[in-house]
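Input: a single structure, listed below in structure tokens.
The values are calculated or read from the model by the stated rules, or taken from the named source; none is laboratory data. In this text, all values refer to a predicted model and were calculated from it rather than measured experimentally. For neighbour counting, all protein chains shown are included, and Cβ atoms are generated from backbone atoms with ideal geometry for every residue, glycine included. Calculation scope for accessible area: heavy atoms of the full protein, side chains included, ligands and nucleic acids excluded. Shrake-Rupley method; radii C 1.70, N 1.55, O 1.52, S 1.80 Å.
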Amino acid sequence: MDQMNINQFDLTYEIERLIMNGKTIIALQNIFMPVKIIQGMQMGSLMGSIYDFIEKELDLNIDSAIRTVSSEISNDDTSRILDLSKPEPLLTVEQRSFLDNGQIFEYAYTYIRSSQFSLHESV
């Protein structure tokens with residue numbers, strides 16, 4: 001509730017999805033979105049880009065995000081979901097995303113298998 005500036009009576013979507021590369025699970029993503037802002041989301045919207053749904057179907061403008069990257073060792077639940085034979089280091093990405101009016105519309109927490117991750121940047 002604190003992350004999205006909502007109260008205990010506000011409804012939220014809770015989306016849990018796996019990010020795959022073929023049959024290999026790369027990451028687990030937990031996404032929370034307030035229903036009062038993201039209205040009418042259906043299963044078909046989740047199969048593609050949620051951001052496309054927000055911008056094209058809801059006509060909202062996504063502006064920015066605050067992202068924190070850290071690491072942790074997988075616990076029993078994340079190990080089971082990520083199909084790990086034993087606990088392993090995971091990269092974690094916490095993200096709060098904002099519309100162009102400054103309103104937060106998404107809180108996401110992603111667990112990424114560090115053995116399946118690489119970062120390529122041009123600076």
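Within the range 1-31, can you find the residues that are among the small types (Gly, Ala, Ser) and over 14 Å from TYR109 (Cα atoms)? Quick ask: steps written out before the conclusion?
Of the range 1-31, the ones among the small types (Gly, Ala, Ser) are 22, 27.
Once the filter is applied, which keeps residues that are among the small types (Gly, Ala, Ser) and over 14 Å from TYR109 (Cα atoms), the range 1-31 yields only GLY22.
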Residues to consider are SER85, SER74, SER49, SER45; find the one that is crowded, with 17+ Cβ neighbours inside 10 Å, without any contact (Cβ under 8 Å) to a residue 24 or more places away in the chain and not charged (D, E, K, R).
SER45
Can you tell me which residue within the range 52-71, out of those that are surrounded by 10 or more Cβ atoms within 10 Å (Cβ to Cβ) and of a type in the set (Asp, Glu), is nearest to SER115 (Cα to Cα)?
ASP52
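Condition first: touching a Leu at 6+ places or on another chain (Cβ under 6 Å) and among the aliphatic types (A, V, I, L, M). Now tell me which residues in the range 83-112 satisfy that.
Taking the range 83-112 first, the residues touching a Leu at 6+ places or on another chain (Cβ under 6 Å) are 99, 105, 111-112.
Residues satisfying the conditions are LEU99, ILE112.
Identify, please: which residue in the range 26-35 is more than 30 Å from SER85 (Cα to Cα) and over 12 Å from the mean Cα position of the chain (by Cα) and is, among those, most open to solvent (accessible area, probe 1.4 Å)? First the steps, then the outcome.
In the first step, residues of the range 26-35 are kept if they are more than 30 Å from SER85 (Cα to Cα); the result is 33-35.
From what's left, over 12 Å from the mean Cα position of the chain (by Cα): 34-35.
Values: PRO34: 1, VAL35: 44 Å².
Result: VAL35.
Can you work out which of the residues in the range 10-25 that are among the charged types (D, E, K, R) and under 17 Å from the mean Cα position of the chain (by Cα) is surrounded by the most Cβ atoms within 10 Å (Cβ to Cβ)? Don't jump to the end; show me each part of the working.
Step one: list which residues in the range 10-25 are among the charged types (D, E, K, R), which gives 10, 14, 16-17, 23.
When the remaining residues are screened for being under 17 Å from the mean Cα position of the chain (by Cα), the result is 14, 16-17.
Working: GLU14: 8, GLU16: 9, ARG17: 14.
Going through the qualifying residues, I end up with ARG17.
Name the single residue that is nearest to GLN39 (Cα to Cα) among those in the range 108-123 being touching a Pro at 6+ places or on another chain (Cβ under 9 Å) and touching a residue at least 40 places away in the same chain (Cβ under 8 Å).
Filtering the range 108-123 down to residues touching a Pro at 6+ places or on another chain (Cβ under 9 Å) leaves 113-115.
Next, only the ones that are touching a residue at least 40 places away in the same chain (Cβ under 8 Å) stay: 113-114.
Details: ARG113: 32, SER114: 34 Å.
Step by step, filter the range 108-123, then rank; the result is ARG113.
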